[in-house]
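> Dumping the structure here so I can ask a few things about it.
The values are calculated or read from the model by the stated rules, or taken from the named source; none is laboratory data. All values reported here derive from a predicted model rather than from experimental measurement. Here the Cβ positions follow ideal geometry from the backbone for every residue, glycine too, while neighbour counts run over all protein chains shown. Keep in mind that these areas ignore ligands, DNA and RNA; they rest on the heavy atoms of the full protein, side chains included. Shrake-Rupley method; radii C 1.70, N 1.55, O 1.52, S 1.80 Å.
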Amino acid sequence: MEIKIRDAGVETIKTDLLVLPVLEKKLAEAPLRALDRRLKGQLKQRIQRSKFTAAEGNSLLYSTAGMLPAANILLVGLGPEKDIDNDSWRKVTARARREASAIGARELALFFAPNKDDEERAGAAVEGALLASYQFTKYRSNSSPPVETQCLTLFKPGLRRNAALVKSIDAAQQAAAGVFLARDLVNEPPSIATAGFLGDQAARFCRGRGLSVEVWSKKKIASMKLAGLLAVNRGSQEEPKFIVMHYKPAAKPRKRVALVGKGITFDSGGLSLKPSKSMETMKLDMAGGAAIIATMSRLPQLRLDIEVTGYVPTTDNLPGANAQKPGDVIRYLNGKTIEVLNTDAEGRLILADALALAAKQKPDYMINLVTLTGACMVALGNGVGGLRSRCSASSWLLLNKPPTPLPSATMQAPVSVARLIM
């Protein structure tokens, strides 16, 4: 999608869909009045009839019938001014992108007038529009091509292109490309997205400009004493893989970060078998690993001054003839032992390998990204991820205060962790 920045007013912008964010109960602001004058009061009448108040999530679509250069107007409620943040702008453009697809609009123009943090909110607005455009139709036999929104214009009177604005928009585009890759990997069926497939995708997307990748075979995994991964893999016909991706910036790195992602390509529960209904979505148990691969793939484009190593242990968890059993004991490379009481706790087993290996490198920070337990979704729902740590992510990465001891964070995937390390 092409992103433009323009100095223009709401009455003069030419586009298929003009998007006007509106503060709750502030329907007499200048941009809205200007549009209503050109539309001879018809927009105000429509607002009153529909009882549009601009509460968060409210929207109103209005066809200008040729009375304006913009073919359609979409009013989107921002909610109360005190509650507006970057995510508010993501939601506005996501709603606008879906509306554009519904009416066949190829051009979007957003009246972009935040009350602060213009650069950050420009990136959030672009991110929302891009992420809302995602579709995975690879295996649909009768899918029709979606209407592509080709251009998003951010505009307001006096808006000028500057380096900070461009940098924020570029970062949003790079982050969205990473999110798309993670979503594509998660959406593949488990018959395709095996451990070998994930290794191949990492090798494909994580090379060049300071980024390298190694995909370890079962023999190498055994030689590195990654006993947890080997134990979980015992019931499988597919070989396990251990993926190591390393990004080193051209200049001296400011910090060293380890990213660890769970890569269970299908989780049946092993001998502690899940109910069949609970298996239906278990292809997504590699979402943490997918998010790490996707994040690592964007680091050369983001040109961060941080050295990052990504670790993804990957296998499926099946009840084969040689599968691990409840009561088995595993000895890890750091000398610690664990007793397996439930083979459906396989994520902890393979992550212990990766965390122990990463800890040997003594990074400044470790971030562990996983789909570890359904209880997280029971507690928080599907809209947010759970973050667990000894101190806040902002104090690790934004304030550069090294924690002691080394922390690890656990989130529901898929998400992009690029924002955390930027």
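> At Thr53 and Arg37, where each label point lies 7 Å from the Cα along Cα→Cβ, what is the point-to-point distance in nanometres?
2.9 nm
> Oh, and also: Of all accessible surface on region 41-90 at a 1.4 Å probe, what whole percent is carbon and sulfur?
For region 41-90, the apolar C and S fraction of the accessible surface comes to 47 percent.
> Cα to Cα, under 17 Å, and not fewer than 8 places away if on the same chain: which aspartates and glutamates meet these conditions relative to Lys248?
Here the aspartates and glutamates satisfying the reach criterion relative to Lys248 are Glu214, Asp305, Glu307, Asp364.
> Could I ask something else about it? Taking trypsin sites (Lys or Arg not before Pro) as candidate sites, keep only those in a DSSP loop with at most 10 other Cβ atoms within 10 Å, then name the longest stretch of the chain containing none of them. Each step should come with its number before you reach the end.
Working: sites that count: Lys40, Lys51, Lys116, Arg140, Arg160, Lys336.
Excluding the exposed sites themselves, the longest stretch runs over 161-335.
> Within region 110-182, what whole-number % of the accessible surface is contributed by carbon and sulfur, with the 1.4 Å probe and all protein chains included in the calculation? Mind dumping the intermediate values first?
On the way: 1710 of 3510 Å².
Reported share for carbon and sulfur atoms: 49 percent.
> I'd like the antiparallel share, as a percent to the nearest 5, of DSSP beta bridges with both residues in the chain.
Working: 23 of 59 bridges.
Counting DSSP beta bridges with both partners in the chain, the antiparallel share is about 40 percent.
> Something else: Which whole-number value in Å² is the accessible area per residue of the chain, probe 1.4 Å?
Working: 19920 Å² over 422 residues.
So the chain comes to 47 Å² accessible per residue, rounded to a whole number.
> What length, rounded to one decimal in nm, is gained on full extension from Val147 through to Ala251, with 0.36 nm per residue of separation minus their alpha-carbon distance?
Extending this stretch completely gives an extra 33.2 nm.
> Now for a different question. Stretched out fully, how many nm does the piece from Ala375 to Glu339 gain, at 0.36 nm a residue minus the Cα gap? It would help to have the intermediate numbers written out before the result.
On the way: separation 36, 0.36 × 36 = 12.96 nm, distance 2.24 nm.
Fully extending the segment from Ala375 to Glu339 adds 10.7 nm.
> What FRET efficiency would be calculated for the residue pair Arg209, Arg98, taking the C-beta separation as r and a Förster radius of 30 Å, to the nearest 0.05?
E between Arg209 and Arg98, to the nearest 0.05, is 0.30.
> Related question: Please give the FRET efficiency for Val329 paired with Ala163, using the beta carbon to beta carbon distance and R0 = 56 Å, rounded to the nearest 0.05.
0.45
> Identify which of Asn334, Asn342, Asn115 has the largest mean-square fluctuation in a Gaussian network model of the chain, with springs joining Cα atoms closer than 10 Å.
Among Asn334, Asn342, Asn115, the largest GNM mean-square fluctuation belongs to Asn115.
> If you take P(r) over Cα pairs in 10 Å bins from 0, in percent from the coordinates, which of [x] 4, 15, 23, 23, 17, 10, 4, 1, 1, 1, 0; [y] 4, 20, 27, 22, 15, 9, 3, 0; [z] 5, 22, 31, 25, 13, 3, 0 do you get?
So the calculated entry is the one marked [y].
> Rank Glu280, Glu119 by accessible area, highest first, at a 1.4 Å probe radius?
Glu280, Glu119
> In straight Cα distance, which lysines are under 16 Å from Lys274, not counting same-chain residues fewer than 8 positions off?
Lys283, Lys325
> Can you pull the percent of region 234-311's accessible area that's carbon plus sulfur, 1.4 Å probe, other chains left in place? Can you show the working numbers first?
Values: 1490 of 2970 Å².
Taking all protein chains in place, region 234-311 shows 50 percent carbon and sulfur surface.
> Which distance in nm do the two modelled labels at Gln361 and Gln135 give, with both placed 7 Å along the Cα-to-Cβ direction?
Inter-label distance under the simple model: 3.9 nm.
> Pairs Lys91/Lys277; Lys220/Lys360; Lys219/Lys255: which are spaced more than 21 Å apart, C-alpha to C-alpha?
Cα-Cα > 21 Å for Lys91/Lys277; Lys219/Lys255; rest within.
> At 7 Å along the Cα-to-beta-carbon direction for both Glu81 and Lys4, put a label point, then send me their distance in nm to one decimal.
Modelled inter-label distance: 3.1 nm.
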